[in-house]
């Protein structure tokens with residue numbers, strides 16, 4: 001009886017084995033899951049700018065004022081030029097570098113700043129007696145008349161032309177108000193109506209620049225055509241066009257993180273310590289998979305316009321990609337994407353995926369004006385500074401009109417190898 005049972009068991013086992021072999025022979029094995037290597041490239045596509053923000057100054061008659069509001073952070077300088085109309089080529093302005101809008105302690109410059117202003121000679125037209133010369137704006141036959149001086153920009157006090165000019169404070173008064181946060185208002189008042197020499201102030205320009213920049217002029221150097229137009233004729237069109245094209249928001253991107261089948265961030269959730277460090281300070285060290293070295297560089301660092309990061313990984317059908325990088329000129333903003341399918345019916349994803357990106361607020365630090373906030377990485381005194389927001393991760397809804405669209409800031413491509 002036992003022998004019969006053993007024989008039957010052996011026969012059954014053999015039949016099962018044959019059946020299995022028969023299925024393999026008929027090509028019914030489990031299909032191979034597609035997999036491959038991928039390379040992601042993150043490129044900073046910001047247009048390089050020289051200055052942060054700019055604007056124009058209007059015609060200011062004696063007794064009138066004009067005000068201009070702007071944002072600026074530590075390390076920003078203010079400069080302006082407006083024509084002393086009863087002259088051939090004189091203008092009012094700060095020195096060539098402008099005035100710093102914050103002191104070394106981070107305190108905003110406020111109050112009457114007229115003492116920083118000088119009367120400058122553009123060196124482009126021979127001086128005539130102020131208020132009398134026939135080639136001065138109120139009396140000239142047309143723009144750009146008068147004898148060429150072929151000189152350089154100088155303080156009028158250094159020009160020995162034999163004429164007497166009013167003191168700066170008898171013609172112009174400039175005050176700065178710190179409106180809170182990073183916002184300032186500059187007010188220019190023409191006070192010559194109560195002085196012995198009344199003169200309008202002609203249209204000019206103002207610009208917020210960085211340290212060691214001289215956007216309007218350099219003392220001892222020939223004037224630009226744009227400054228010549230302002231100083232001789234009150235025509236600010238050239239410098240307005242130039243500064244408008246050269247001013248704007250620009251930002252590096254910081255080292256970031258990525259995950260296959262995980263989420264670097266989750267909309268509606270709370271930021272982890274690792275995400276907070278990356279979003280506020282560009283420190284992705286709390287993540288397992290990071291990218292931190294610009295292409296062509298030997299060590300970690302941010303990417304500036306024209307530079308890029310690249311990272312490589314292996315994935316299979318059904319896998320998804322998540323990644324993010326900090327927009328450095330912010331308090332806690334990231335640009336990234338979640339749930340990027342790496343295969344579509346066996347075909348690996350390849351090409352430009354910039355349209356999948358989103359601008360994300362990590363919800364960990366209160367936002368300041370992008371590019372000027374004093375608790376943003378390029379201006380903060382130390383990592384992890386700034387007022388806590390205690391919010392959740394969300395798509396940023398109040399970016400600011402000065403911040404370009406995502407595709408003007410960054411490009412992301414993926415290549416399947």
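FYI, it's all coordinate maths here, none of it is from the lab. None of the values given here were measured: they were computed from a predicted structure. Using ideal geometry, Cβ is built from the backbone for each residue, glycine included, and neighbour counts are taken over all protein chains shown.
With a cut-off of 8 Å between alpha carbons and a minimum separation of six or more residues, what is the relative contact order of the chain in percent?
Once normalised by length, the contact order is 22 percent.
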Burial-style ranking of 141-153, 348-360, average other-beta-carbon count within 10 Å with highest first, yields 348-360, 141-153
Length gained, residue 289-residue 145, 0.36 nm per residue minus C-alpha separation, equals 45.2 nm
In whole angstrom, the spacing between the Cα centers of segment 263-278 and segment 343-417 equals 12 Å
Calculating P(r) over Cα pairs in 20 Å bins from 0, in percent from this structure picks out, from (i) 22, 54, 23, 1; (ii) 27, 58, 15, 0; (iii) 23, 36, 24, 10, 4, 3, 1, entry (iii)
Asserting the computed 222 nm helical MRE of the chain (DSSP H runs at least 4 long, -39500 (n - 2.57) per run, divided by residue count, to nearest 500) equals -4000 deg cm²/dmol
Per principal axis, largest first, the Cα atoms of segment 129-241 extend in Å by 48, 34, 27
Semi-axes a, b, c in Å (a largest) for segment 53-246, each sqrt of 5 times a Cα gyration tensor eigenvalue, come to 27, 18, 15
Relative contact order of segment 53-246 (C-alpha contacts under 8 Å, at least 6 apart) in percent is 36 percent
Measuring from the longest principal axis of the C-alpha atoms of the chain, the long axis of helix 237-246 (C-alpha) lies at a number of degrees, nearest 10, equal to 30 degrees
Cβ density ranking, 10 Å radius, fewest first, applied to 51, 258 yields 51, 258
